[in-house]
Each structure stands twice: as structure tokens, then as C-alpha cells.
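As C-alpha cells, the structure follows; a few thoughts come after it.
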Amino acid sequence: RWGGEKGSRSAACGGTRSRARMQKKEVAESCFDLLHHSMVETFTAANRAHPERDLEQMGFTVGGKLAEKYVRDRALFVDELEVMTFVCKDFWTEVYGKQMDKLRTNHKGVFELQDHRFRAILRVSTGPEGNALEAARKLLIFPCGVIR
């Protein structure tokens, strides 16, 4: 017997499993963040002719492959709004673990996607160079390619 009351074993194990799953998720997210930051640093520090274009192209390739995987068993999209809704809800959740916070359009084909707590730039601060906006801009190149 596992002690105490009936069902106490499953409650104790369930809590442990849940904590372990959460720790694995946090480790996976941390690894993804580190990979993303290292990738941006490597591309921008290397002697490349067009580091930002190369980084955006890599994001585009990754995004295309992920999109193919995630839409494989879905019905065809009817219009652009349905595609953008998919990107904001389903695709962003699969890639970054949460939905976009806001999707707006000007009804002229321009969409604005907002994620107020985007992990890639959440902890950007003014470092020794003091240029947080430039650092954030560089970190957004890859995700912009993923969305494109």
C-alpha cells in the first residue's frame, strides 16, 4: 500500500509528472531561446555580405517547413484572413508556445501581428553599447522570416 487514502498514489505521481513535464518545457524553451540568440549573434558577427537577409531567409525556410507540417491535415484556407488567423492562433502556439495577442488589419492587405510578451526580445536591455532597439530589431529578423 502507498499509505493513506485510496487514490493517494496517483495524486502524488500526477503532481510529480506534471512538474517534470513543466520543467522539460522550460528547458526546451530556454534551449530554443539560446539557439535563437546565438544564431542571430553568429549571423550578424560573421563576415557575411548580407547577414540580415541570410537570417531572414533561414527563418523563411524554417517557417515554410513548419507550416507544411502543421497544415497537412487541414482543409484549404479560403482567404488571407483565415491564413493570418491560423498563423496567430495555431502556428504561433506550436512554434512559440502561446497565441499572438492581437491581429489587426487596415483592410488594404496589411496585417499587424502583436505579441506583447515575445520571448525572443523580452529580456533585451541596453547593454554596454546602449542600443536596445537595434538588438531587438536583429532578434526579430528570424521570426519575421518564419511568418513570411
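The values are calculated or read from the model by the stated rules, or taken from the named source; none is laboratory data. Owing to the predicted nature of the structure, the values given are computational and were not obtained by experimental measurement. As a convention, Cβ positions derive from the backbone with ideal geometry for all residues, glycine included, and neighbour counts pool all protein chains shown. These area figures cover heavy atoms from the full protein model, side chains too; ligands, DNA and RNA do not enter into them. Shrake-Rupley method; radii C 1.70, N 1.55, O 1.52, S 1.80 Å.
Here are the numbers for this structure:
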| quantity | calculated |
| --- | --- |
| Pair list, Cβ < 7 Å and 6+ apart or interchain, from the range 64-84 residues that are of a type in the set (Gly, Ala, Ser) to residues that are surrounded by 13 or more Cβ atoms within 10 Å (Cβ to Cβ) | Ala67/Phe91 |
| Val83 vs. criteria among the aliphatic types (A, V, I, L, M), buried (at least 16 other Cβ atoms within 10 Å of the Cβ) and either touching a Phe, Trp or Tyr at 6+ places or on another chain (Cβ under 9 Å) or not in a strand (DSSP E or B) (or both) | no |
| Members of the range 24-70 that are assigned to a helix (DSSP H, G or I) and in contact with an Asp or Glu (Cβ under 9 Å, 6 or more places away or on another chain) | Phe43, Thr44, Leu66, Lys69, Tyr70 |
| Selection from the range 55-80 of residues that are closer than 25 Å to Glu134 by Cβ and open to solvent by less than 40 Å² (accessible area, probe 1.4 Å) | Leu55, Gly59, Gly63 |
| Out of Phe142, Phe118, Phe91, Phe111, sole residue that is surrounded by 10 or more Cβ atoms within 10 Å (Cβ to Cβ) and more than 12 Å from the chain's Cα centre (by Cα) | Phe111 |
